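Below is one structure; the comments refer to it alone.
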Ligand SMILES: *Cc1c(COP(=O)(O)O)cnc(C)c1O
């Protein structure tokens, strides 16, 4: 007989699932999460032993089981506090909705609605006409369409309008945004063919002109949402491209990424308004609902009616359509824009446009409260970025609280993420930076309470 294999022996000595559940505190009625957690922990323990790890005592396995069960039970997504000052933070769900928009969502979610019913006539209605009308009123566009997100808008546009033919795009605009949105890959997954023109840094009008032929379906311009090209550069403006489109009879589509119906230039936020693109001659503009617009995740398409109609009746439109919850949130956001004072009512705009003096005052107050708890704090001038693949170069003047723990800032950041609700903050040179731009008064109160518990 062979000598006993110590790993097999160690595997045999792992507790049975029931015993681990009992050790983790499972009583007569075992919670669903404890069973699932115990099985997962045992699976990990087996893998660790096979990989040469040391056996772990029952209590360690039980502790891990409890932690895992608690994690399984936690709702997802969870509310977090954004202390980074990045208003459109893709990892943190981009645009927070106004409370009224959230209430509209809750109201529609919990009952039946007239989503596809014309109540007055008692006939079938359309889920899209009312929202499209609001977008038309805001943008001056002939027609509009809402889909799941901007990526869906682009996919639908190129497939519906250029299926089997070519989409001409500058090599300087073959962008990747947020890791999963890559323009060439969207094109590749449609029936349209990408025709790249120009070079990374320089594209001229003649590059487009030379590429146009019988197989060309449309000219595409993609906003460089998250980077800039500097130095020896040349770019064809939307206006020039639109003129070329008009000369050659080709539609011009602008993927703006971020768009809003307000002119924010007086507030120092450049060229975001959607009708700018339409005015410059784009036949269609595409943009996200949850970037500068400040609404729910959605892709908005606005422009020429014949093109929108081809997209609306394309089979993919059904697969990419938005649900009633999105429509309810978007409808509130669009109405707020139509009614005015959107800068005060839409959280994204309110946060972006908060005056520096107000940010400084909020930072001073937060710093004073934390100092009173014994934390070492100071207030420093620091710009916030917009984020969300919007306006890469724009830095908004701001003020942050610099909190210097006696121990490690990374450790404090981890502890803050372990709170309920978790706080997400930036670390800079051994300190934690707390940016009041993205925290409201109640959230500041929660943050102060968290830090009172964590004082070192
Ligand atoms: C953000 C962005 C997208 C992707 O928009 P989603 O709504 O996230 O799908 C597409 N194009 C540009 C230029 C963008 O900035």
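Only one of the listed residues (187, 218) is in contact (Cβ under 8 Å) with a residue 12 or more places away in the chain, closer than 30 Å to residue 89 by Cβ and either within 13 Å of the ligand (Cβ to nearest atom) or outside any helix (DSSP H, G or I) (or both). That residue is 187. Within the stretch 246-268, restricting attention to residues that are assigned to a loop (DSSP other than H, G, I, E, B) and closer than 21 Å to residue 330 by Cβ, the residue that is nearest to the ligand (Cβ to nearest atom) is 258.
Here the stretch 112-131 is the region considered, the condition is being in contact with a helix residue (DSSP H, G or I) (Cβ under 8 Å, 6 or more places away or on another chain) and either within 16 Å of the ligand (Cβ to nearest atom) or assigned to a helix (DSSP H, G or I) (or both), and the residue that is nearest to residue 332 (Cα to Cα) is 131. Residues of the stretch 60-83 that are touching a helix residue (DSSP H, G or I) at 6+ places or on another chain (Cβ under 7 Å) and surrounded by fewer than 18 Cβ atoms within 10 Å (Cβ to Cβ): 72, 73. Within the stretch 291-303, which residues are modelled with pLDDT of 95 or more, near the ligand (Cβ under 7 Å from one of its atoms) and under 11 Å from the mean Cα position of the chain (by Cα)? Result: 297, single match. Remark: pairs (first residue in the stretch 243-258, within 15 Å of residue 170 (Cβ to Cβ) and at pLDDT 95 or above; second residue within 16 Å of the ligand (Cβ to nearest atom) and outside any strand (DSSP E or B); Cβ separation under 6 Å; 6+ apart in sequence or on different chains) = 252/241; 252/282; 253/157; 254/238; 254/277; 254/282; 255/154.
Mind listing just one residue for me: the one in the stretch 345-393 that is under 19 Å from residue 412 (Cα atoms) and assigned to a loop (DSSP other than H, G, I, E, B) and, of those, farthest from the ligand (Cβ to nearest atom)? Once the filter is applied, the top-ranked residue is 374. The condition of being in a strand (DSSP E or B) and either farther than 18 Å from residue 258 by Cα or within 16 Å of the ligand (Cβ to nearest atom) (or both) holds for only one of 236, 168, that being 168.
Applying the condition of being touching a strand residue (DSSP E or B) at 6+ places or on another chain (Cβ under 8 Å) and in a loop (DSSP other than H, G, I, E, B) to the stretch 193-212 and asking which residue is surrounded by the fewest Cβ atoms within 10 Å (Cβ to Cβ) yields 201. Is one or more of the residues making up the stretch 275-283 within 23 Å of residue 86 (Cβ to Cβ) and buried (at least 24 other Cβ atoms within 10 Å of the Cβ)? No - not one qualifying residue is present in the stretch 275-283.
The C-beta contact set for the stretch 137-150 (first residue closer than 16 Å to residue 335 by Cα, second residue part of a strand (DSSP E or B) and away from the ligand (no atom under 11 Å from the Cβ), distance under 7 angstrom, 6+ apart or interchain) comprises 139/302; 144/301; 144/302. Whenever a residue of the stretch 269-298 is touching a residue at least 60 places away in the same chain (Cβ under 8 Å) and closer than 17 Å to residue 328 by Cα, its partners that are assigned to a helix (DSSP H, G or I) and away from the ligand (no atom under 13 Å from the Cβ), lying with C-beta atoms within less than 7 angstrom and at least six residues away or across chains, give the pairs 293/333; 294/333; 294/347; 294/348; 294/349; 295/329; 295/333; 296/329.
Restricting to the stretch 2-45, and then to whatever is more than 22 Å from residue 70 (Cα to Cα) and assigned to a helix (DSSP H, G or I), can you tell me which residue is modelled with the lowest pLDDT? Within the stretch 2-45, the match that is modelled with the lowest pLDDT is 6.
When 394, 366, 330, 337 are checked against the criterion of being surrounded by fewer than 18 Cβ atoms within 10 Å (Cβ to Cβ) and either in contact with a helix residue (DSSP H, G or I) (Cβ under 8 Å, 6 or more places away or on another chain) or at pLDDT below 95 (or both), 394 stands alone in meeting it.
The values are calculated or read from the model by the stated rules, or taken from the named source; none is laboratory data. Quick caveat, the model's predicted, so the values are computed rather than measured. All Cβ positions, even for glycine, are placed from backbone atoms using ideal geometry, and neighbour counts span all protein chains on display.
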